[in-house]
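One structure is given here, and the rest of the page talks about it.
The values are calculated or read from the model by the stated rules, or taken from the named source; none is laboratory data. Keep in mind it's a predicted model, so treat the numbers as computed, not measured. Cβ placement follows ideal geometry from the backbone for every residue including glycine, while neighbour counts extend to all protein chains displayed.
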Amino acid sequence: MKILMINVTCGTGSTGRICTDLAEVLSEKGHEVKIAFGRDEVPEKFKKYAVRIGSDLDVNIHALKARLFDSAGFESKKVTKEFIKWVKDYDPDIIHLHNIHGYYINVEILFNYLKTCNKRIIWTFHDSWAFTGHTPYCDVINCEKWKDGCHNCTLKKEYPKTYLDYSKRNWKIKKELFTNVKCMQIVTPSNWLQGLVKESFLKEYDVSVINNGINTKAFYPRKSHILKDYGIKDKFIVLGVSSVWDHMKGLDDYLELSHLLSDDCKLVLVGLTQEQVDNLPSNILGITRTESIDQLAMIYSESDVFVNLSYCENYPTVNIEALACGTPVLTYETGGSPEIVRKYGGAVVEKKNILAVKNKIDEMMKTNTSIAFVPEENDVDHMIKKYLKIYEMINDRRKI
């Protein structure tokens, strides 16, 4: 089969790595895979899959117009038309959508094509953007306006930031575009997000849960002294990892937590910009973003607890990566983040309750918590098998 994935990134960030993990296993099984992406650099080993939609300039123009007119997802018309021409020439058997927001593609042009192309289509949701009028993060404030029609979005100052509020218009356009697509299957990585989709205007579709998978041949417990190279010795290491750090990822909460931890602890944050590293207090070790999976796996393995204080999560791969490296996870009660934690090891606390986080870390220090993670169902091979079943199911349905 020829499979085309569409995602904001290719090989970087959580969704970008999911796409390339899928691509590598599918290629090994004899399938041809391309990943159309919108932004960021592509690691050298994944360039064979990559097809760029537009340019950095196109992304910046889209972002500017979205800021002015609340039009994220509705700009980039020219580059999307050019991309659709390429898709028609490539002629894939399956089109697998991932994150289609991120200032790089026009969803109206894309879905007008998808409704007429007679292709098998899968759409994996990594957040709630598809069924809201603006935000991917409706769960941050437990907003449910999207059930009947968005309006007066209180998250318009969050990504994708905008000065004006056209959430009512956007919700109506999305409803018209995203419904009545033949042979489309929706996939969510978490039971939590599946539940939201079933209450949205997309409830007409079959919605399957396929947990995100990681490459467990890369993420596994390793003997490492990598953090000692940063000057950490004989400390209980509390780790946070993100490809982008902002207040939605709980950065302010980590800063507050750092002042509550005992002197026996060291808070380490990975994925920061150099500017963020330079502005950290001395009680936090900041490490800039790395695309080296080996380095990241060694950092997970050397840490004593992985802490996820994000305000909005689906089924975060960072949780899986940490667990696969033998490190327990402590997470907020956020979206689908607790699902794997409750199953395999760690703790869940109330969102924004920093004191509860500190107390759980103290408990883990005393008990020297460790886990024996059995990763089969969260390995990328297992994820691939489930996707292949959906590909085949859609194919059989189309033949009827």
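A few comments on the model shown:
- Long-range neighbours under 6 Å by Cβ, at least six apart or interchain, first residue assigned by TED's automatic domain parsing to the domain that holds Ala324 within region 218-238, second assigned to a loop (DSSP other than H, G, I, E, B): Phe236/Asp264; Phe236/Asp304; Ile237/Ser303; Ile237/Asp304
- Scanning region 98-126 for residues that are of a type in the set (Lys, Arg) and out of contact with any helix residue (DSSP H, G or I) (no Cβ under 7 Å at 6 or more places or on another chain) yields Lys115, Lys119.
- Residues (of a type in the set (A, V, I, L, M, F, W, C) and part of a helix (DSSP H, G or I)) located in region 165-185: Trp171, Ile173, Leu177, Phe178
- All positions within region 185-198 that are surrounded by fewer than 22 Cβ atoms within 10 Å (Cβ to Cβ), modelled with pLDDT of 95 or more and in contact with an Asp or Glu (Cβ under 8 Å, 6 or more places away or on another chain): Asn191, Trp192
- All strands (runs of 3 or more DSSP E) inside region 24-129 with 1 or more residues being aromatic (Phe, Trp, Tyr), within 30 Å of His382 (Cβ to Cβ) and touching a residue at least 60 places away in the same chain (Cβ under 8 Å): 32-37, 120-124
- Odd one out for Asp246 among (1) modelled with pLDDT under 95; (2) touching a Phe, Trp or Tyr at 6+ places or on another chain (Cβ under 9 Å); (3) surrounded by 16 or more Cβ atoms within 10 Å (Cβ to Cβ): (3)
- Scanning region 264-277 for residues that are part of a helix (DSSP H, G or I), of a type in the set (D, E, K, R) and farther than 22 Å from Ile354 by Cα turns up at least one hit.
- Helices (runs of 4 or more DSSP H) enclosed by region 294-383 - at least 2 residues per element that are without any contact (Cβ under 8 Å) to a residue 24 or more places away in the chain: 337-344, 354-367
- Among the candidates Lys145, Lys156, Lys182, residue that is surrounded by fewer than 16 Cβ atoms within 10 Å (Cβ to Cβ) and not polar (S, T, N, Q): Lys182
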